[in-house]
Amino acid sequence: MTKLPMTRLIKKAKYLLSAEKNEAPASSREGLSICLVYPNTYYIGMSNLGFLTLYRILNSQPGIYCERAFLPDPEDLADYYRTGAPLFSLESGRPLREFHIIAFSLCFELDFPYVPKVLDLAGIPLKSRERTNHDPLVMAGGLSAYTNPEPLADFIDIFILGEGEEVVPEVVTICLKGSRQGLSWNEVFETLREIGGVYLPSDFEVAYHQDGTIARIKNKGGKINGPTRRWIVSLDSYPTASSILTPHTEFKDQYLIEVSRGCPKRCRFCVTSFATGPFRCRSVEVLIDQVKHGLTLSKRIGLVGAAVGDYPYLIELCSRIKDLGGKISLASLPIKGFLPSLLPMLDQQTITLAIETGSAALQQKIGKYIEEDEIIETVEAAGRQANIKLYLIIGLPGESMDDILDTINLVRKIKDSMKRGLSLSVAPFIPKPHTPWAREAMEKTEILEERLKLMKKHLPGVRFTPKSLRLARYQTAISRGDRRLGLVLSLVGSQGLPWPKAWKEAGLDPEFYTAKITDPKRILPWEHLQVDRLQPSVFSLS
């Protein structure tokens, strides 16, 4: 009974590996062992450039070897549960609980419940305080992990705050040294807590008022300020591109290259503008070196970044890629500062343009005002070459029905000016930590449903791809959540409870976390983390 499903799982892992073009350094299988986990399926995880970059960097460290693991596909989960087999790594089939370190890469709040799920499947105690020195050290990083790690505080030993290219090698080097010296994890923590960009949630105590608000966040060590966020001054020192290509992912035929980080626009709703800055760009020459290598693996080059369209040398870069025989695609294009000369260089069926809202008043409020004529002309020009997807946000602070009608009117004018297909990606506003609108409310579901219904009614022939309002509500709650949400995440993840039942059993209400925070003195769960205080990385890999 056990052997057949296990054989199938192992065969599937070997099949996935055989389809990969793996550019990461070969692992020696000796030294400090790390399993890098993306808490979602292989298909989703292998689309993540940060995950792939960290995998390559870790396997380039002396004395370190790194393997990967993912949340099993639904049909594979059934086999794991039926057989009781422990979750194992992709490369060698080694059970996760036998690694020295388990490292989660977290980019999306709705993946948080999969952290306790993965730990449970691996046979590793869920909570940090329940683990011993014989268990793996559990660490986590990624944008959603460091903007507010508190909902996962019970499960994670250390968080990486900020960009990990330099911090993570520094951390694992200290762990390797401690392992060779026979130190316990607690003894290793003594050194780790002195590093900028490393956060040990066990160093802080959180007390709550009777109404659920935070009374205080106390550093047990007596320090006034919490950990700071690390960032890389020169991106050229760390080329970021696809280290592994596979047909079993969304970007199966593209070699992805990151051109920049951060965003100069600083829209009030966008966490990227405020938690990944400052805006930095790689040099054209460094990028072209990556392109030349990428073209040996694929003719399609995907340029990515939070603000690719704001890369100051985009025309030059794309022109040189075309001269080298590459086919170019961009994650999205800006409407403000749109470059018509860029269009003939692109080779993609759909171009995404973010307008957020058609209301001039709301555009000014979010800090992204664009003249209506400029929007229509830009979309019309792009639409002559490709299908257009417009990104819209509903439920922005202060939004009225008149604002929705303005958006409908703008989209209608855009549709009338186009000869190709038009689709709308519609997402609700989600208040994010560290942004100017972190204390704003998420609009009520019934109001969002009404506005979405009105848009669909008055925009026939336009394809809608709305985000789930129910899941967006839970995402907001996790985004602004405190440590008490750990129980909800555990119930959803390791026990498989539906979200509504998990909230009820935990004795918590998601509306508490999605409502407007009106008290300016109310302590926010992430306030002890100095994400806005940048600490440049200084560690050398040489």
Worksheet item: What size of dipole, in debye to the nearest 20, comes out for segment 103-188 about its Cα centre when the only charges are +1 on Lys and Arg C-beta atoms and -1 on Asp and Glu C-beta atoms?
Response: 340 debye
Discussion item. Give me the percent relative contact order of segment 204-322, please, defined on Cα pairs under 8 angstrom at least 6 residues apart.
Written reply: 23 percent
Fill in: Linear extension gain, Asp402 paired with Glu374, 0.36 nm per residue minus alpha-carbon span
8.0 nm
Fill in: Difference of contour (0.36 nm per residue) and Cα-Cα distance, Asp289 to Ala361
21.5 nm
Worksheet entry | lysines whose Cα lies under 20 Å from that of Lys453, excluding same-chain neighbours fewer than 8 positions away | Lys389, Lys413, Lys415, Lys444, Lys467
Worksheet item: What FRET efficiency do you get for Ala331 and His209 if R0 is 51 Å and r is their Cβ-Cβ distance, rounded to the nearest 0.05?
Response: 0.75
Response to the item:
hull vol. (C-alpha, convex hull) per residue for segment 347-495, Å³ -> 141 Å³
Worksheet item: Hey, what number do you get for the chain at 222 nm if only DSSP H runs of n ≥ 4 count, each worth -39500 (n - 2.57), divided across all residues, to the nearest 500?
Response: -10000 deg cm²/dmol
Response to the item:
Sorted largest first, the C-alpha extents of segment 415-494 along its principal axes in whole angstrom are 51, 32, 23
Discussion item. For the ranges 149-156, 358-365, what's the packing order if you count other beta-carbon atoms within 10 Å of each residue, average per peptide, and put the highest first?
Written reply: 149-156, 358-365
Fill in: Separation of the Thr296 and Lys444 label points, Cα + 7 Å toward Cβ, nm
6.1 nm
Fill in: Contour excess over end-to-end distance, with Cα ends at Glu75 and Ser423 and 0.36 nm allotted per residue
122.1 nm
Worksheet item: What does the accessible area per residue of segment 393-542 come to in Å², with a 1.4 Å probe and no ligands, DNA or RNA counted?
Response: 47 Å²
Item to complete: Can you tell me which of 517-529, 37-49 comes out highest on packing, and rank the rest after it, using the mean Cβ neighbours within 10 Å?
Response: 37-49, 517-529
Response to the item:
Rounded to the nearest whole number, the per residue volume of the convex hull around the C-alpha atoms of segment 188-264 in Å³ is 247 Å³
Worksheet item: With each pseudo-label sitting 7 Å past Cα toward Cβ, what's the Lys516-Ser92 distance in nm, one decimal?
Response: 5.6 nm
Discussion item. Kirkwood Rh and Cα-based Rg: tell me the resulting Rg over Rh for segment 228-291, rounded to two decimals.
Written reply: 1.04
Fill in: Per-selection metrics, segment 32-149 (Cα): Rg and Dmax in Å
13.5, 39
Worksheet entry | Cysteines without a disulfide-compatible neighbour (Cβ-Cβ under 4.7 Å), the chain | Cys35, Cys66, Cys107, Cys175, Cys263, Cys281, Cys318
Item to complete: For segment 269-413, evaluate the Debye formula with one uniform point scatterer on each Cα (no solvent term) and list log10 I(q)/I(0) at q = 0.11, 0.17, 0.19 Å⁻¹, rounded to two decimals.
Response: -0.48, -1.01, -1.17
Worksheet item: Tell me, what is the percent relative contact order of segment 375-493, built from C-alpha pairs under 8 Å that lie six or more residues apart?
Response: 29 percent
Discussion item. Restricting everything to alpha-carbon atoms, can you work out Rg to Rh for segment 80-184 with a Kirkwood hydrodynamic radius?
Written reply: 0.96
Worksheet, complete the sentence: 1/(1 + (r/R0)^6) with r = Cβ-Cβ of Glu190 and Asp416, R0 = 56 Å, i.e. FRET efficiency to nearest 0.05, evaluates to 0.25
Item to complete: Within 10 Å, count the other beta carbons around each residue, average over each peptide in 325-337, 88-100, and list them highest first.
Response: 88-100, 325-337
Fill in: Over 25 Å between alpha carbons, listed pairs Lys127/Lys516; Lys252/Lys432; Lys21/Lys292; Lys265/Lys432; Lys368/Lys457; Lys14/Lys252
Lys127/Lys516; Lys252/Lys432; Lys368/Lys457
Discussion item. If you average the alpha carbon positions of segment 295-322 and of segment 11-73, how far apart do those two centres end up, in angstrom?
Written reply: 26 Å
Fill in: Carbon/sulfur fraction of accessible area - the chain, other protein chains in place, 1.4 Å, %
51 percent
Worksheet item: With the other protein chains left in place, how much accessible area per residue, in square angstrom, belongs to segment 190-254 at a 1.4 angstrom probe?
Response: 49 Å²
Worksheet item: What is the chain's relative contact order, in percent, from Cα pairs under 8 angstrom and six or more apart in sequence?
Response: 15 percent
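The values are calculated or read from the model by the stated rules, or taken from the named source; none is laboratory data. Just so it is clear, the structure is predicted and the values come from calculations on it, not from any experiment. Cβ atoms come from the backbone with ideal geometry, glycine included; neighbour counts cover every protein chain shown. Just the protein is used for accessible areas: all its heavy atoms, side chains included, with ligands, DNA and RNA removed. Shrake-Rupley method; radii C 1.70, N 1.55, O 1.52, S 1.80 Å.
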